[in-house]
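Data first, discussion second: the structure below is written as structure tokens.
Laboratory data are not the source of any read-out in this text; all were calculated from the coordinates shown. The structure presented is a predicted model; accordingly, all values stated were derived computationally and were not measured. As a convention, Cβ positions derive from the backbone with ideal geometry for all residues, glycine included, and neighbour counts pool all protein chains shown.
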Amino acid sequence: MSKIKFTPEQQQMLRNNPYTVRVTENVLNLSKEFKELFYKEYLSGALPRDILEKYGYPATILGKERIWGISHMIRKQFEDTGAFRDVCTPATPTIANSPEERVRQLEHQVNYLTQEVEFLKKISSIRSTRK
């Protein structure tokens, strides 16, 4: 998240953009349609800054970090799910496609929980020896 907050005037200007779903002083949520346009142009070689300015999002208002964040999140959303979504639409949970993937996930969970139990044992032994 960018440290630069949107002023009320900037928020109003961003709200007037048809591709804006929601804007607060810290957050700008973009529509599914904009994300599709952005990704298509990004793949054709356009720079994120130029794409945003083309569709009415001035780079001077967004700032370098926020432009990078928007670009990163749009690309990540497509890589993770293969589609875009509006803010209101919850992300679909990832379901293991194969038994091997499910086994891998469960092994990871067991290893994590084992580490957590060992950590808790150490904490409780420290507390009991301090008496």
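Can you pull the semi-axes for region 8-81, root of five times each eigenvalue of the Cα gyration tensor, sorted largest first, whole Å? Before the final figure, lay out each step's value.
Details: eigenvalues 76, 34, 26 Å².
Sorted largest first and rounded, they come to 19, 13, 11 Å.
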Estimated dipole of the chain in Debye, rounded to 20 [Cβ of Lys and Arg +1, of Asp and Glu -1, Cα centre] | 700
Once the other residues with Cβ under 10 Å from the Cβ of ASN29 are scored (Lys, Arg +1; Asp, Glu -1), what is the net sum?
-> 0
A chain fully extended from LYS5 to LYS40 at 0.36 nm per residue, minus the present Cα-Cα distance, gains in nm 9.7 nm
Which label belongs to the value computed from this structure, given these candidates for Rg/Rh (Cα atoms, Kirkwood Rh): (i) 0.95; (ii) 1.20; (iii) 1.07?
-> (ii)
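Tally Lys and Arg at +1 and Asp and Glu at -1 over the other residues with C-beta under 14 Å from the C-beta of ALA83: what net charge comes out?
Values: positive: LYS32, LYS35, LYS40, ARG75, LYS76, ARG85; negative: GLU33, GLU36, GLU79, ASP80, ASP86.
Neighbourhood net charge equals +1.
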Residue (of PRO99, GLN115, ILE67) at the positive-pole extreme of the chain, dipole from beta-carbon charges = GLN115
Here the net charge surrounding PRO8, from other residues whose Cβ is less than 11 Å away from its Cβ (Lys, Arg +1; Asp, Glu -1), is 0
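Evaluate the charge dipole of region 8-81 about its Cα centre and quote only its size in Debye, nearest 20, assuming +1 on the Cβ of each Lys and Arg and -1 on the Cβ of each Asp and Glu.
The calculated dipole for region 8-81 is roughly 40 debye.
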Once the Cα atoms of helix 32-43 and of the chain are each reduced to a long axis, what angle between those two axes, in degrees from 0 to 90 to the nearest 10, is obtained?
-> 90
Whole Å is fine, so just give me how far the alpha carbon centre of region 52-80 lies from that of region 1-50.
-> 6
Region 68-87 scanned against label point 7 Å out from ARG22 along Cα→C-beta; backbone N under 11 Å for 87
Ordering of 72-79, 99-106, 122-129 by packing [mean C-beta count within 10 Å, highest first] | 72-79, 99-106, 122-129
